[in-house]
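The values are calculated or read from the model by the stated rules, or taken from the named source; none is laboratory data. Only a predicted model underlies this, so the values are computations on that prediction, with no experimental measurement involved. Cβ: placed from backbone, ideal geometry, glycine included. Neighbour counts: every protein chain shown. Heavy atoms of the whole protein, side chains included, go into the accessibility calculation; ligands, DNA and RNA do not. Shrake-Rupley method; radii C 1.70, N 1.55, O 1.52, S 1.80 Å.
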Amino acid sequence: MSFILAVLFLFAIQAGAAFAADDSAAEKSPDGMGYRFEKDGWTYLHIEGSPYERGYQHGYLMAPEILEIMESIRYLTYYNTGVDFDFFAENAVRMYVPNIDEEYILEMDGIADGAEAAGADVTFQDILGWNSYKETVGYWWPIVKSGYYSEMDYDMEACSAFAATGNYTEDGGAVVAHTTWTPYERARFFHIIADVKPDSGHRILMQSAPGLIDSSTDFLITDAGLMITETTISGFNKYQENRTPSFMRLRKASQYADDPDSFVTIMNTNRSGGFANTWLVGDANTGEIMRFEQGLKFFNVSKTKDGYFVGANSVEDARIRNFECSGLDPTDVRGSVASRMVRLPQLMEELKGRISPENAKAVLSDHYDIWLEEEIASSRTVEGHYELDPNPVYNRQPYKPAGSYDGKTVNSAMALNMTFNARWGAPSGIAFDADKYLEEHPQFGYLDGYLDSFPTHSWNVFEAGEMV
């Protein structure tokens, strides 16, 4: 029996528990329009209305989590950079406020006011600093610190994903799947399934974190029939100040794009190079899938109605790879990027004609290490586990607490009904015990109190408008 079939068999056994959840009564915002409830490791958040209204609902309902995030990122930002978080937030105000649409200024202002009304001492500047955190700390700061357009020192290897359609899928429609890789001290915050129903534009169902107006982990569907995900381009080292930040461009594209082409147009408008990604977009209305590679000066779009695209922090466009990246070698399978860029196509071919949201779970759970040629969860496998890897290459720390902590799958039929599958924790169900980990790896003791466990949860279906 192949590994894929073995994992599928395991999922079949677990199917009876697929909808098991630790549901509790929904908590509502003061206006009665927003609400939240817990479901098997996730927090479901529904917000609606005008920009300020939905922001206020968000902030009010997520105030305790937003306060915890602010405390955590203040500590971690200083530890990791030697610079206070407020420095980055202040520069975010300087660089981004003139380039952010009023709609999203109002929404972030509402988040701050709602959180404050619920007892959290946060400001608009804090919320903007959190929304733009990946861009300021990961793209702007390395260039400012070392000289404009110099090499960056931020780890960009994160996420595995694919989009397939036509003869590769079970029903001929599009299938999109994604698992996020993030240091676990930040990953713990991305447990939100946000149902955003704005008073203009398209409804959005997405994975996110408290206080954010976009997904950030980047798995979302919209009522335009778009299925959107990405993987970050590793080694990208170009950035332009005073442009539209990536979080606003993604939120605007998610809310107002009617099709893949308009998604590209909005994402490319006044782009900064921040959070450079290989975007994978499925159109549930046509079955077409798109790979959109976006750098600073260069971008590339490919489409098909019969085939697949995979994402593993690589980039096919030779201009982006050679002119805007450093250290990205798509042929060196000792590393995470190249090994997954070999393994994912192998899985697509093995499952040709049978790819569905259900067996996409097995793809996201794959533990075959191309370099070691064995089944072992590592930094080179589709479901990444740096915390289990004693020998990651390219100066990565052994046993770093980082890797896959979620799984999401969807197909065209589900997207048209505004539903998707999601699992909190590693797609395969591998658990992470923070206390045991810190005891075994005391070199990461600085994370004590900032590292959560990821117990095994079930796969669940989420839908827009879901109630307890």
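Which residues, taken from region 164-189, are of a type in the set (V, I, T) and surrounded by fewer than 24 Cβ atoms within 10 Å (Cβ to Cβ)?
Within region 164-189, just T182 meets the criteria.
Being crowded, with 18+ Cβ neighbours inside 10 Å, among the aromatic types (F, W, Y), in contact (Cβ under 8 Å) with a residue 24 or more places away in the chain and outside any helix (DSSP H, G or I) narrows it down to one residue among Y44, Y60, Y104; which is it?
When all the criteria are applied, what remains is Y44.
Six or more apart or on different chains, Cβ under 9 Å: which pairs go from a residue in region 312-324 that's farther than 17 Å from W279 by Cβ and free of Cβ contacts under 8 Å to residues at least 24 places away in the same chain to one that's of a type in the set (D, E) and open to solvent by 10 Å² or more (accessible area, probe 1.4 Å)? Could you list them?
Cβ pairs passing all conditions: none.
Could you grab me the full set of residues in region 262-290 that are surrounded by fewer than 24 Cβ atoms within 10 Å (Cβ to Cβ), among the polar types (S, T, N, Q) and in contact with a Phe, Trp or Tyr (Cβ under 8 Å, 6 or more places away or on another chain)?
Matches in region 262-290: S262, N268, S272.
Conditions: (1) in contact (Cβ under 8 Å) with a residue 40 or more places away in the chain; (2) over 21 Å from K238 (Cβ atoms). W140 meets all but one. Number of the miss?
(2)
Report the residue count in region 127-137 for those that are over 9 Å from F88 (Cβ atoms), in contact with a helix residue (DSSP H, G or I) (Cβ under 7 Å, 6 or more places away or on another chain) and in contact (Cβ under 8 Å) with a residue 60 or more places away in the chain.
4
Output the number of residues of region 427-464 satisfying the condition of being part of a loop (DSSP other than H, G, I, E, B) and surrounded by 14 or more Cβ atoms within 10 Å (Cβ to Cβ).
Final tally of qualifying residues: 13.
Within region 397-418, which residues are touching a His at 6+ places or on another chain (Cβ under 6 Å) and either surrounded by fewer than 21 Cβ atoms within 10 Å (Cβ to Cβ) or closer than 19 Å to K305 by Cβ (or both)?
Hit for region 397-418 is Y399, nothing else.
Out of curiosity, is R243 more than 19 Å from W140 (Cβ to Cβ) and of a type in the set (K, R)? Step through it out loud before you land on a result.
Details: more than 19 Å from W140 (Cβ to Cβ): no; of a type in the set (K, R): yes.
The answer is no for R243.
Could you go through region 190-203 and let me know if any residue there is assigned to a loop (DSSP other than H, G, I, E, B) and open to solvent by less than 10 Å² (accessible area, probe 1.4 Å). Let's see the steps before the verdict.
Of all residues in region 190-203, those assigned to a loop (DSSP other than H, G, I, E, B) come to 190-191, 199-203.
Checking which are open to solvent by less than 10 Å² (accessible area, probe 1.4 Å) leaves us with none.
Checked region 190-203: no residue is assigned to a loop (DSSP other than H, G, I, E, B) and open to solvent by less than 10 Å² (accessible area, probe 1.4 Å).
Collect the residues in region 160-189 that are in a loop (DSSP other than H, G, I, E, B) and of a type in the set (V, I, T), keeping them in residue-number order.
At the first step, the residues of region 160-189 found to be in a loop (DSSP other than H, G, I, E, B) are 170-174, 180, 188-189.
Residue satisfying the conditions is T180 alone.
Test N270 against the criterion of being in contact with a helix residue (DSSP H, G or I) (Cβ under 7 Å, 6 or more places away or on another chain) and more than 20 Å from N167 (Cα to Cα), and give yes or no.
Yes: the conditions hold for N270.
Determine which single condition V7 fails, assuming it passes every other condition in (1) modelled with pLDDT under 95; (2) part of a helix (DSSP H, G or I); (3) surrounded by fewer than 15 Cβ atoms within 10 Å (Cβ to Cβ).
V7 satisfies every listed condition except (3).
Looking at region 376-386, is at least one residue over 25 Å from K436 (Cα atoms), touching a strand residue (DSSP E or B) at 6+ places or on another chain (Cβ under 7 Å) and open to solvent by less than 20 Å² (accessible area, probe 1.4 Å)?
Looking for residues that are over 25 Å from K436 (Cα atoms), touching a strand residue (DSSP E or B) at 6+ places or on another chain (Cβ under 7 Å) and open to solvent by less than 20 Å² (accessible area, probe 1.4 Å), one finds none in region 376-386, hence no.
Kindly list the number of the only condition in (1) outside any strand (DSSP E or B); (2) surrounded by fewer than 21 Cβ atoms within 10 Å (Cβ to Cβ) that fails for E38.
(1)
Filter region 177-191 down to residues that are β-branched (V, I, T) and in contact with a helix residue (DSSP H, G or I) (Cβ under 6 Å, 6 or more places away or on another chain), then give me how many there are. Write out each step before concluding.
The first filter runs over region 177-191 and keeps only residues β-branched (V, I, T), leaving 179-180, 182.
Subset that is in contact with a helix residue (DSSP H, G or I) (Cβ under 6 Å, 6 or more places away or on another chain): 179.
Result for region 177-191: 1.
One residue is enough: does region 67-74 have a residue meeting the conditions buried (at least 20 other Cβ atoms within 10 Å of the Cβ) and polar (S, T, N, Q)?
For region 67-74, residues buried (at least 20 other Cβ atoms within 10 Å of the Cβ) and polar (S, T, N, Q): absent.
Among the residues of region 400-411, is any part of a strand (DSSP E or B), touching a Leu at 6+ places or on another chain (Cβ under 9 Å), among the hydroxyl-bearing types (S, T, Y) and on the phi < 0 side of the Ramachandran plot?
Checked region 400-411: at least one residue is part of a strand (DSSP E or B), touching a Leu at 6+ places or on another chain (Cβ under 9 Å), among the hydroxyl-bearing types (S, T, Y) and on the phi < 0 side of the Ramachandran plot.
Would you check if there is a residue in region 360-368 being more than 22 Å from the chain's Cα centre (by Cα) and hydrophobic (A, V, I, L, M, F, W, C)?
no
Can you confirm whether L296 is closer than 20 Å to M206 by Cβ, touching a residue at least 24 places away in the same chain (Cβ under 8 Å), in contact with an Asp or Glu (Cβ under 8 Å, 6 or more places away or on another chain) and not in a helix (DSSP H, G or I)?
Considered against the rule, which asks whether it is closer than 20 Å to M206 by Cβ, touching a residue at least 24 places away in the same chain (Cβ under 8 Å), in contact with an Asp or Glu (Cβ under 8 Å, 6 or more places away or on another chain) and not in a helix (DSSP H, G or I), L296 comes out as no.
Considering each residue of region 204-236, count those that are open to solvent by 10 Å² or more (accessible area, probe 1.4 Å), more than 16 Å from the chain's Cα centre (by Cα) and not hydrophobic (A, V, I, L, M, F, W, C), and give that number.
Summing the residues that are open to solvent by 10 Å² or more (accessible area, probe 1.4 Å), more than 16 Å from the chain's Cα centre (by Cα) and not hydrophobic (A, V, I, L, M, F, W, C) in region 204-236 gives 2.
Which pairs do you get when a residue that is modelled with pLDDT under 95, found in region 392-406, comes within reach of a residue that is in a loop (DSSP other than H, G, I, E, B) and not hydrophobic (A, V, I, L, M, F, W, C), reach meaning Cβ atoms under 6 angstrom, with the pair 6+ apart or on two chains?
P392/S379; V393/R334; V393/G335; Y394/G335
For region 237-261, what are the residues that are under 16 Å from the mean Cα position of the chain (by Cα) and among the hydroxyl-bearing types (S, T, Y)?
Those that are under 16 Å from the mean Cα position of the chain (by Cα) and among the hydroxyl-bearing types (S, T, Y): S246, S254.
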